[in-house]
Amino acid sequence: MVDRRSGVPAFRQVAADLREKITAGQYAPGEQLPSERELVDAYGVSRPTVREAVNMLRSEGLVTSEHGRGVFVRPPASIQRIGRSRLSREARERNRGAFLADAAARGFTPSTSVKIRFEQADARAAAHLAIDEGTEVTVRDRVMRADGLVVQLAVSRLPRQFTRGTAIEEVDTGSGGAYARLEEAGHTLGSFVEHVGARMPTPDEASLLQLADGVPVITVTRVAYGTDGTPLEMNDMVLAADRYELSYEWPAD
């Protein structure tokens, strides 16, 4: 029952109690919450109050509603993105670079759809790639799925002077991916820099990633550099925040 004398709106009290039970594991990931009628009886509130409470939890990304079935606890992050090894040369040689490495670590089946296009670099791409604005770049636009569920959007841009005549301009880049093709062309990778952020998704992103209301996305912009410091690729990634865990490890030098 809610405390009518607390000054806290009833729907917030109901949401807080349900949130605590979800966090404590009383309602497990994927489990259905009690029905609206059951929640009304349990808390001694009206149906509109219960709906407001559930909407609050939905906006926080804790639950999802399925029409005709009910309200379910959303699963926690299921993909671990390990920053330490996923971009290593060893991983690429074993055809386990990046997303494939994530799949191997978590045991999901990966799939990717790719579109290739060419465009002129805008000011942002030009700055990251150290090229003149308007320079032609190769764009690899990818939708990545784990067990059929879209979990990541990734758009790579590379100066076309590095990709012309290579499989990077084809849908299937072959074993080891685009980075292996760059090195075969004489552009040895030396380092990577990642800029990580978070924001709410655009309507198109929310649709592609099938995000519930209130679920944010993680943004990662990675720039790959050659051993001489030349930027070779800028990769803009958008990850479903409720499906990812980003893990980093580095020595305490």
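A few points about this structure:
- Distance between segment 1-48 and segment 169-213 - C-alpha centres, whole angstrom: 41
- Extension gain, THR23-THR202: 0.36 nm per intervening residue step, less the Cα-Cα distance, totals 61.6 nm.
- The 3J(HN,Hα) values that the Karplus relation (6.51, -1.76, 1.60; θ = phi - 60°) gives for segment 234-249 are, in residue order, 10, 10, 9, 10, 10, 10, 5, 5, 7, 10, 10, 10, 8, 10, 10, 9 Hz. Gly and Pro appear as x.
- Summed over the residues of the chain and divided among them, the accessible surface reaches 52 Å² per residue at a probe radius of 1.4 Å.
- Each residue of segment 216-224 was assigned a 3J(HN,Hα) from its phi angle through the Karplus expression (A = 6.51, B = -1.76, C = 1.60, θ = phi - 60°), giving x, 10, 9, 10, 10, 10, 10, 10, 9 Hz with x at Gly and Pro.
- The label point for ARG12 and the one for ARG124, both projected 7 Å from the Cα toward the Cβ, are 3.6 nm apart.
- Mean residue ellipticity (222 nm) of the chain, computed from DSSP H runs ≥ 4 via -39,500 (n - 2.57), nearest 500: -8000 deg cm²/dmol
- Panel note: the C-alpha atoms of the chain, placed on their principal axes, show extents of 71, 42, 36 Å (largest first).
- Other-chain or far-sequence residues with amide H under 5 Å of GLY226's (modelled H): GLY190, LEU232
- Solvent-accessible area assigned to carbon and sulfur over the chain amounts to 49 percent, based on a 1.4 Å probe.
- The distance between label points at ARG69 and LEU149 comes to 1.1 nm (points 7 Å beyond Cα on the Cα→Cβ vector).
- Shape call, segment 1-54: gyration tensor on alpha carbons, a/c limit 1.5: oblate
- Debye intensity ratio in log₁₀ form over the Cα atoms of segment 135-221, taken at each q of 0.16, 0.18, 0.24 Å⁻¹: -0.79, -0.94, -1.22
The values are calculated or read from the model by the stated rules, or taken from the named source; none is laboratory data. The structure presented is a predicted model; accordingly, all values stated were derived computationally and were not measured. Here Cβ is always computed from backbone atoms with ideal geometry, including for glycine, and neighbour counts include all displayed protein chains. Side chains included, ligands, DNA and RNA excluded: accessible areas come from the protein's heavy atoms. Shrake-Rupley method; radii C 1.70, N 1.55, O 1.52, S 1.80 Å.
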